[in-house]
Amino acid sequence: MKNPLVLQTDFGLSDGAVNAMYGVSISVDSNLRIYDLTHDIPPFNIWDASYRLSQTIDYWPEGTIFISVVDPGVGTDRLSIVAKTKSNHYIVTPNNGTLTHVADRIGITEVRKIDERVNRLPRSGESYTFHGRDVYAYTGARLASGNINYEGVGPSVDISEIITLPLPGSSSQDGIISGNIDILDVRFGNLWTNINREMFIQERYCYGDWVEVSIENERKKKYQNHILFGRSFAETRLGEPLLFVNSLDKLAVAINQGSFANAYQIETGSDWRIYIKKSQQK
């Protein structure tokens, strides 16, 4: 059986770019099973691409090939690579930080540079601005179909050459839990943090507690309020904020049937920090 091929880009679906990647892949092997992770990564946002891979990869069978194309450096000397993870998945991507979260949470065991002399769409050699189609889709499809094995991708690259973005951690000190706003639950505007539920519980927080939440960007305070730590949105009224545990077992902040991100102009990345401490409010 062919290995699944999963695509992620910042291309959107308003033109033919993603469809062209499908076409290249099917031309390699018409029996391939191709799926979309997302094509709505904000343009050039490598951080979001890195997170979405880490969010998704665990739920796919071993051997799945992921193609992630968020590539503001397309046409430059940045490497085109295929990384093998400790979970036995493969990620076809530019070496520009897209592997940050996967390398940290899952681990990378091997990296190979794509040899474009053999792993490039025929008759595309003069194009330098659509590697997603000409290099990544073609190589990913060849790997997923079994036309090449992993060694056939190209020469090995030292793992130390993987480019990663700054990845702040979470911590608890003097009664204050601090972390990062990792990503948005985009459609609903919820803030997903990197603070694990276990850390929160170890500090003796319980459902029903009130907490003081502060959010800062580059040390400028963007939000501060007392909010409820609850199991579900049913524990708050419409328009009220809530601290809860999301589907990845991490803390998240939301507004009941509203967008927290839009209401307070909150974004994501290493510069967005959240601080939580116990509140006396009831």
Can you report the number of residues in the range 88-117 which are at pLDDT 95 or above, touching a helix residue (DSSP H, G or I) at 6+ places or on another chain (Cβ under 9 Å), of a type outside the set (Asp, Glu) and outside any strand (DSSP E or B)?
12
So, in the range 59-77, how many residues would count as being modelled with pLDDT of 95 or more and either among the aliphatic types (A, V, I, L, M) or on the phi < 0 side of the Ramachandran plot (or both)?
11
Is it the case that residue 71 is of a type in the set (Asp, Glu), closer than 26 Å to residue 272 by Cα and in a loop (DSSP other than H, G, I, E, B)?
yes
Return the residue satisfying two criteria in turn: it lies in the range 2-35 and is among the hydroxyl-bearing types (Ser, Thr, Tyr), open to solvent by 30 Å² or more (accessible area, probe 1.4 Å) and assigned to a helix (DSSP H, G or I), and of such residues it is nearest to residue 130 (Cα to Cα).
22
Going by what's in this entry, would residue 201 be described as β-branched (Val, Ile, Thr), farther than 27 Å from residue 97 by Cα and modelled with pLDDT under 95?
yes
Take the residues of the range 227-282 that are open to solvent by 40 Å² or more (accessible area, probe 1.4 Å) and in a strand (DSSP E or B): which is modelled with the lowest pLDDT?
278
Single unsatisfied condition, residue 54 versus (1) closer than 17 Å to residue 132 by Cα; (2) buried (at least 19 other Cβ atoms within 10 Å of the Cβ); (3) of a type in the set (Gly, Ala, Ser)
(1)
Here are some conditions: (1) within 22 Å of residue 5 (Cα to Cα); (2) touching a strand residue (DSSP E or B) at 6+ places or on another chain (Cβ under 9 Å). Residue 122 meets all but one. Which one does it not meet?
(2)
Output the residues belonging to the range 104-141 that are surrounded by fewer than 20 Cβ atoms within 10 Å (Cβ to Cβ) and touching a residue at least 60 places away in the same chain (Cβ under 8 Å).
104
Which of the following residues is farther than 18 Å from residue 25 by Cβ, buried (at least 19 other Cβ atoms within 10 Å of the Cβ) and touching a Lys or Arg at 6+ places or on another chain (Cβ under 9 Å): 144, 83?
83
Any chance the range 187-199 includes a residue that's without any contact (Cβ under 8 Å) to a residue 40 or more places away in the chain, assigned to a loop (DSSP other than H, G, I, E, B), out of contact with any helix residue (DSSP H, G or I) (no Cβ under 9 Å at 6 or more places or on another chain) and under 22 Å from residue 47 (Cα atoms)?
yes
Condition set more than 23 Å from residue 77 (Cβ to Cβ) and not in a helix (DSSP H, G or I), scope the range 147-167, selection least open to solvent (accessible area, probe 1.4 Å): answer is 148
Considering every residue within the range 80-98, establish whether at least one is in contact (Cβ under 8 Å) with a residue 24 or more places away in the chain, under 14 Å from the mean Cα position of the chain (by Cα) and farther than 20 Å from residue 114 by Cα.
no
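I need a count of the residues in the range 168-185 that are assigned to a loop (DSSP other than H, G, I, E, B), surrounded by fewer than 17 Cβ atoms within 10 Å (Cβ to Cβ) and either touching a residue at least 12 places away in the same chain (Cβ under 8 Å) or of a type in the set (Phe, Trp, Tyr) (or both).
Final tally of qualifying residues: 3.
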Is at least one residue of the range 214-226 closer than 24 Å to residue 47 by Cα, more than 21 Å from the chain's Cα centre (by Cα) and not in a strand (DSSP E or B)?
yes
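The values are calculated or read from the model by the stated rules, or taken from the named source; none is laboratory data. As the structure is a computational prediction, the values presented were derived from the model and not from experiment. For neighbour counting, all protein chains shown are included, and Cβ atoms are generated from backbone atoms with ideal geometry for every residue, glycine included. In case anyone asks, the SASA skips ligands and DNA or RNA and just uses the protein heavy atoms, side chains included. Shrake-Rupley method; radii C 1.70, N 1.55, O 1.52, S 1.80 Å.
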